[in-house]
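Step one of this worksheet: look at the structure below.
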Amino acid sequence: MKISKEEYDKLSRQVSPKSKLWTDCLWAFFVGGTICLIGEGLRAFYQTRGFILTDASALASVTLVVLSAILTSLGWYQKIASKAGAGTLVPITGFANAVVSPAIEYRVEGLVTGVGAKMFVIAGPVIVWGMMASVVWGVIYYFLRPMLGG
Amino acid sequence: MRFFWAFLVGGGLCVIGQLLIDLTALTPARILVLFVVSGVALSALGWYEPLADFAGAGATVPLLGFGHLLAQGVLSAVERHGLLGALTGGFSAAAGGIAASLVCGVLASLAARSKDQC
């Protein structure tokens, strides 16, 4: 098969976004899955130490947050994230990274307007809209509950 | 078996996030907000609890699980404190993860230097 340079260029452009999407998704799947697997392992560990399920879950999340903060401080989390994309963003470790990373970066601007304010660049919106959604659901549930016979 | 499902479901939820990154112009902050709000909605509809039951950390570690935690906290707080619970429930439940992140952020900013990052 003979193809000109232009045709080849056109073809490769058609194909490459798809193969990039495929690689991105594979990376996200394996890294994200592995982080959740570590979370499950931590949860099982805390359960064997006598914590009830909800406490074990919370402790597992806190442990993942601490691990993420350490890896972020060392600059390793960003290296994994450049490959893993959403695999490192979507788990709670990504939330911790979004808090810790600007805290380190803006340390030079001071502890109050630097660290204190910039930590919330991404965490702020997540907290605000998560809270809004939960309050709305709480109010709906309050009025719905008598109708459900609860 | 729970480990297998944790890996599979957790990985799957991250692929949804990756598709949002690659196929739409959503920024990471918007994706995280979308995941948390969706988590609250799915939990309110009663669809997230079954997933959390069999996938364990695969459902609770992604930020959808954070939304699920908020919604569950609100539910039990409304049952105990009435309308006031709608305000207090979500954040009492999520306080651990948020406080841990904030404390780590402050400690890391004191311990690490900006140039250590790449």
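What follows is calculated from the coordinates using simple rules that are stated; it is not laboratory data. Everything quoted here is computed from the prediction, not taken from an experiment. We place every Cβ from the backbone using ideal geometry, glycine too, and count neighbours over all the protein chains shown.
Examine segment B:30-45 for a residue that is facing chain A (nearest Cβ under 9 Å), more than 19 Å from A:Pro91 (Cα to Cα) and not basic (Lys, Arg), and state whether such a residue exists.
Checked against the condition, which is being facing chain A (nearest Cβ under 9 Å), more than 19 Å from A:Pro91 (Cα to Cα) and not basic (Lys, Arg), segment B:30-45 yields at least one hit.
Restricting attention to segment A:99-132, and to residues there that are among the hydrophobic types (A, V, I, L, M, F, W, C) and in contact with a Leu (Cβ under 7 Å, 6 or more places away or on another chain), which single residue is surrounded by the most Cβ atoms within 10 Å (Cβ to Cβ)?
Just the residues of segment A:99-132 that are among the hydrophobic types (A, V, I, L, M, F, W, C), to begin with: A:99-100, A:103-104, A:108, A:111-112, A:115, A:117, A:119-123, A:126-129, A:131-132.
Still in the list and also in contact with a Leu (Cβ under 7 Å, 6 or more places away or on another chain): A:99, A:119, A:122, A:126.
Working: A:Val99: 30, A:Met119: 23, A:Ile122: 23, A:Val126: 24.
So, considering only residues that are among the hydrophobic types (A, V, I, L, M, F, W, C) and in contact with a Leu (Cβ under 7 Å, 6 or more places away or on another chain), the one surrounded by the most Cβ atoms within 10 Å (Cβ to Cβ) is A:Val99.
Looking at (1) surrounded by fewer than 24 Cβ atoms within 10 Å (Cβ to Cβ); (2) more than 30 Å from A:Thr113 (Cβ to Cβ), which one does B:Gly97 not meet, given that it meets all the others?
Just one mismatch for B:Gly97, condition (2).
Yes/no matrix, rows are residues, columns are (1) within 16 Å of the chain's Cα centre (by Cα); (2) facing chain B (nearest Cβ under 8 Å); (3) of a type in the set (Lys, Arg):
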{"residue": "A:Phe45", "(1), (2), (3)": "no, no, no"}
{"residue": "A:Gly50", "(1), (2), (3)": "no, no, no"}
{"residue": "A:Thr63", "(1), (2), (3)": "yes, no, no"}
{"residue": "A:Val66", "(1), (2), (3)": "yes, yes, no"}
{"residue": "A:Gly75", "(1), (2), (3)": "no, yes, no"}
{"residue": "A:Gly85", "(1), (2), (3)": "yes, yes, no"}
{"residue": "A:Pro91", "(1), (2), (3)": "yes, yes, no"}
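Give the number of residues within segment A:104-131 that are within 8 Å of chain B (Cβ to nearest Cβ) and within 23 Å of B:Ser38 (Cβ to Cβ).
9
Residues are listed down the side, and each one gets a yes or a no for (1) in contact with a Leu (Cβ under 7 Å, 6 or more places away or on another chain); (2) surrounded by fewer than 19 Cβ atoms within 10 Å (Cβ to Cβ):
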{"residue": "B:Ala6", "(1), (2)": "yes, no"}
{"residue": "B:Cys14", "(1), (2)": "no, no"}
{"residue": "B:Ala29", "(1), (2)": "no, yes"}
{"residue": "B:Val37", "(1), (2)": "no, no"}
{"residue": "B:Val40", "(1), (2)": "yes, no"}
{"residue": "B:Val61", "(1), (2)": "yes, no"}
{"residue": "B:Val78", "(1), (2)": "no, no"}
{"residue": "B:Gly85", "(1), (2)": "no, no"}
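B:Glu49: surrounded by fewer than 20 Cβ atoms within 10 Å (Cβ to Cβ), more than 9 Å from chain A (Cβ to nearest Cβ) and in a helix (DSSP H, G or I), yes or no?
In short, yes.
Being touching a Gly at 6+ places or on another chain (Cβ under 9 Å), within 22 Å of A:Glu40 (Cα to Cα) and touching a residue at least 24 places away in the same chain (Cβ under 8 Å) is the requirement here; does B:Gly65 meet it? Quick ask: steps written out before the conclusion?
Details: touching a Gly at 6+ places or on another chain (Cβ under 9 Å): yes; within 22 Å of A:Glu40 (Cα to Cα): yes; touching a residue at least 24 places away in the same chain (Cβ under 8 Å): yes.
Considered against the rule, which asks whether it is touching a Gly at 6+ places or on another chain (Cβ under 9 Å), within 22 Å of A:Glu40 (Cα to Cα) and touching a residue at least 24 places away in the same chain (Cβ under 8 Å), B:Gly65 comes out as yes.
Can you list the helices (runs of 4 or more DSSP H) found entirely within segment A:44-150 that contain at least 3 residues being farther than 24 Å from B:Ile16 by Cα? Before the answer, list the steps.
Numbers: elements: A:53-74, A:76-84, A:86-89, A:92-105, A:120-148.
Qualifying helices (runs of 4 or more DSSP H): A:53-74, A:92-105, A:120-148.
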